[in-house]
Amino acid sequence: MRKILLVIVFLFTLFFFFGTHQLAAQGNIYYVATNGSDSNPGTSLTTPFASLQKGMNVASSGDTVYVRGGTYHLNASVSISGKDGTSQSPIQVFAYQNEKPVLDGTNANDGKWALVSIKDASYWHFKGLVIKNTKGVLATNNTKRGMQFVGDSSWNVIENMEFSYNEGTGLHFEDYASNNKIIDSISHHNFDQVSGGTNSDGFAVKNEVTAANNEFISCQAYFNSDDGWDLWNGGPTTIRKSISYRNGFNDLLQSLGDGNGFKLGLGQGGHTLIQDVAWGNKYRGFDHNNAGKPVFVYNNTAYGNAVDYNFEVTNTGIAVAHQLKNNIGFGSGTKMNPNVVQAKNSWNYSWEANPGFVSTDSLSVNFLSLSSVSPALNAGVNLNLEGFANPPDVGALQEGQKLSDLLIGATATPTPANNPTAIPTVADIPGDADRNGKVDGVDYVIWLNHYNQAVLGPASGDFDYSNKVDGVDYVIWLNNYGKQL
């Protein structure tokens, strides 16, 4: 009976909405392949462009550029400037289906700041590309980044991307780059040899406090020569369900740069970290790094860093009232200034020395999971965070969760022994909830069944990753209705 009612509602919606509204026109689709030619029209699988630069040059609002698998040995960096999509019709640059396109910058030592540079460009969506092997020294102790968003580059989505083995930072934001979402992406083994590893981070929001409201969801940073995340002088940033480990080391665990998991200053602070994990980093798991205003650190776990949490007074002697609640620090200690607002952290309890992990072996599937008798269960203060029980458990992993549960997609990694198990990726077309390659009525029913629920991701109808299924998601489905791979 329920299914019949859903079908009736769906048909009524089609009649009412489509009878009085014309669907938004489907944008153009272009293809890029290693065996293509930039003299081709690029509009079919048999006539692809050869370069991503060509595809991005011709694409406009609502268009999609599909990049076929294989390695693209670039002789010049890729850049775009001053071209925007719109909120409902972004410009999409996607890996084609489940293929893996690799942009290799070994031969692109052209003096540019990044192998892929987005400047003054908003409403782009990049998904499924690998950016690696950037080369070049640009200035004193500055090396070439993997990808950067600079100028007024805002409202972009970077999803299921990999940044690796670059001489500079993997993914970098600065200037006025704001309101960007980085989802299910990894940045690893980035190493600047010219400075001995002190300037290559996994992810960075740096150099301008006006780069604000950027959000990282379910991302990983590991084996970067400097820090996993570096928010040095960056505007307020949110990091959720993300993992930072073994930074400041190479694969042989030889010491390189600073090695912080999450570096949260210099600058104005105001950052929010929820349900993140920092383990095995050379220096500090979570470090205020002289942030001048409070940072908010809720339900995180730190293990086996040189110092797990460092929120001492700043270098100028200011005791900032950072907020740390429901966090676990195990094995390495914490440092707090007297003004830090603390509640229900492991070090506030007598069981700090034994939070009751199932395993502290990084090779175990239960690494840092809470056991059924952990004193951290139901020991937190209620912060009214979505997805948490009341009261919540202390730490990032709630009862029954594994590290892999923090991640929403199948991101490849060259170090499977230290990486959580991957789970399926999200839809390839906005509005395609069931991921069958077509936006149709079934996807509408999925949206309807989850309407007004606090869930994350397209599989539940949350096409804009807002953690809620609402009318905005319906409009995304509507504008993409009929599109297919």
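As for segment 171-193, it holds no residue that is at pLDDT 95 or above, touching a His at 6+ places or on another chain (Cβ under 8 Å) and of a type in the set (S, T, Y).
Looking across segment 189-216, the residues that are in a strand (DSSP E or B) and crowded, with 24+ Cβ neighbours inside 10 Å come down to F203, A204, V205, N214, F216.
Being of a type in the set (S, T, N, Q) and outside any loop (DSSP other than H, G, I, E, B) is the filter; apply it to segment 38-90 and report the residue that is surrounded by the fewest Cβ atoms within 10 Å (Cβ to Cβ). My answer is S81. Looking at segment 282-351, none of the strands (runs of 3 or more DSSP E) lying wholly inside it contains 3 or more residues that are in the same structural domain as D258 (by the TED database), more than 27 Å from the chain's Cα centre (by Cα) and at pLDDT below 95.
For segment 266-279: of the residues being part of a loop (DSSP other than H, G, I, E, B) and in contact with a Ser or Thr (Cβ under 7 Å, 6 or more places away or on another chain), which is surrounded by the most Cβ atoms within 10 Å (Cβ to Cβ)? Only one residue fits best here, namely D276. Figure legend. Inter-residue proximity from segment 110-134: first residues closer than 15 Å to S154 by Cβ, second residues basic (K, R), beta-carbon distance below 6 Å, spacing 6+ or different chains. Indicated pairs: A121/K83. Checked against the criteria, H125 does not count as over 23 Å from R68 (Cα atoms) and assigned to a strand (DSSP E or B).
Looking at segment 135-150 only, could you name the residues that are touching a residue at least 40 places away in the same chain (Cβ under 8 Å) and in a strand (DSSP E or B)? Of everything in segment 135-150, those that are touching a residue at least 40 places away in the same chain (Cβ under 8 Å) and in a strand (DSSP E or B) turn out to be V137, N142, T143, G146.
The values are calculated or read from the model by the stated rules, or taken from the named source; none is laboratory data. A quick note: this is a predicted structure, and the numbers were derived from the prediction, not measured. So basically every Cβ, Gly included, is an ideal-geometry build from the backbone, and we count neighbours across all protein chains shown.
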